[in-house]
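The values are calculated or read from the model by the stated rules, or taken from the named source; none is laboratory data. Please read these numbers as outputs of a predicted model, since none were measured by experiment. Here Cβ is always computed from backbone atoms with ideal geometry, including for glycine, and neighbour counts include all displayed protein chains.
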């Protein structure tokens, strides 16, 4: 049996290093979110978007039924601070309407809830 080419081993090592770095980054972010205090902000829903999780493919492809989706929303604090982009659940995404003001609860970079303000 012959030895595998050196380039193949280098590619495998690079993939392993990049995967472990991503895993460590996700663990660190989750720990920071858990340690962060719960904050409430008065915000306006600026935009909401949905995209397939495998967003790296061509933008011209058709949506596949049953494909896992990522839900994102942009919120503008009413005090004029910088816009906030958060990943939200499908149920929360469906209840958000563009232009609605309300109370946003976040813990670190994690979306907790959005309660629309009643006029």
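Quick notes
- Residue match in the stretch 76-88 (condition: surrounded by 17 or more Cβ atoms within 10 Å (Cβ to Cβ) and farther than 13 Å from residue 48 by Cβ): no
- Residue that is part of a helix (DSSP H, G or I) and surrounded by 15 or more Cβ atoms within 10 Å (Cβ to Cβ), where the choices are 73, 92: 92
- Among the residues of this structure, residue 54 does not count as one that is modelled with pLDDT under 90 and within 18 Å of residue 100 (Cβ to Cβ).
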